[in-house]
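**Q** Dropping the structure in here first, questions after.
The values are calculated or read from the model by the stated rules, or taken from the named source; none is laboratory data. On a predicted model such as this, the values are computed, not experimentally measured, just so you know. When we count neighbours, we look across all protein chains shown, and the Cβ atoms used for this are built from the backbone with ideal geometry, even at glycine.
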Amino acid sequence: MGSMPLKYNLLVFILCGFIGASLLVGWFIPAFYAWTDSDQSRPSPMLWQVPLVLAIGAAAFSSALPWLPFAKGNRSAELRVPTRFSLWTLLLTTTGTAFMTAVLIRLPLIGGGLVTVGMLAWFVRFWLRHPQHRLAASALVACMILPYAWVAGHRHGALFPMFITLCGALPTFFPAVWISHLLGVFFPDSPGIAFLLTAVEFAAGLWLIRLGPKRTIAYLLLVGLVSATGSLMFYQAIRA
């Protein structure tokens, strides 16, 4: 029992570290871009080399997670109760998903706004129902949003309203751009892809948080890297 406070404090330290690191990375994205001496016509190789090194380091750290001193089996009590899905629930879920997909395709900003509000409501509900996971859920949102902290201090004030409008899409800006490219569509014409990816990323994060700290830490590393890379791409794009 004496080791439990140490394990708990270690988890709190790591989760707070994720929040602080996300803020620092997001705030210094412009400084990093300037340090690489890049411009739109001649991007520096460090723009992909540094994220690659960080991804390798994150993978190495994740592989060491099984040996970190966290207690096992600390799942929420509600997970011990088997989840049951009725035919009515399945029908409503399928219908709602199909409806939101159609709205995101035809009216991406309106549909994206609805998805973002839904994620916010889900976060508040999760935060209130699971006090033991509040810090982890807050770290998840921080890793998704704070890598774009530089927007708040950018010299072009018009960027901040754009960020508020697209805050449900920007966390997955990086994979959404690539998926749009593979589908042969222009990303600004299809922001619904990013909204859908962010919703899936957020839902997966809340699910993994309830499965234990090691899965949570590994997922936060992934989410933070995806958001930071997308933030760097977004900053590079607006400098065009």
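**Q** Working only within the stretch 49-64, note down all residues that are within 14 Å of LYS214 (Cα to Cα) and part of a helix (DSSP H, G or I).
**A** Answer for the stretch 49-64, where residues must be within 14 Å of LYS214 (Cα to Cα) and part of a helix (DSSP H, G or I): ALA58, ALA59, ALA60, PHE61, SER62, SER63.
**Q** Suppose the filter is under 14 Å from ILE145 (Cβ atoms), surrounded by 15 or more Cβ atoms within 10 Å (Cβ to Cβ) and touching a helix residue (DSSP H, G or I) at 6+ places or on another chain (Cβ under 7 Å); does THR229 pass it?
**A** So THR229 does not fit the description; no.
**Q** Where residues in the stretch 10-48 are in contact (Cβ under 8 Å) with a residue 60 or more places away in the chain and assigned to a loop (DSSP other than H, G, I, E, B), which of them is surrounded by the most Cβ atoms within 10 Å (Cβ to Cβ)?
**A** SER38
**Q** Going through the stretch 180-204 one residue at a time, which ones are under 26 Å from LEU220 (Cα atoms) and of a type in the set (Val, Ile, Thr)?
**A** Within the stretch 180-204, ILE193, THR198, VAL200 meet the criteria.
**Q** Considering (1) surrounded by 15 or more Cβ atoms within 10 Å (Cβ to Cβ); (2) modelled with pLDDT under 60, say which one LEU87 fails and leave the rest.
**A** Answer for LEU87: the failing condition is (1).
**Q** Which one of these does SER138 not meet: (1) assigned to a helix (DSSP H, G or I); (2) at pLDDT below 90?
**A** In the conditions (1) assigned to a helix (DSSP H, G or I); (2) at pLDDT below 90, SER138 misses (2) alone.
**Q** To continue, here is another question. How many residues does the stretch 182-206 hold that are surrounded by 12 or more Cβ atoms within 10 Å (Cβ to Cβ), assigned to a helix (DSSP H, G or I) and either over 13 Å from the mean Cα position of the chain (by Cα) or not charged (D, E, K, R) (or both)?
**A** 14
**Q** Then there is this: Considering only the stretch 20-51, state which residues are farther than 11 Å from TYR235 by Cα, in contact with a helix residue (DSSP H, G or I) (Cβ under 6 Å, 6 or more places away or on another chain) and aliphatic (A, V, I, L, M).
**A** Those that are farther than 11 Å from TYR235 by Cα, in contact with a helix residue (DSSP H, G or I) (Cβ under 6 Å, 6 or more places away or on another chain) and aliphatic (A, V, I, L, M): LEU23, VAL25.
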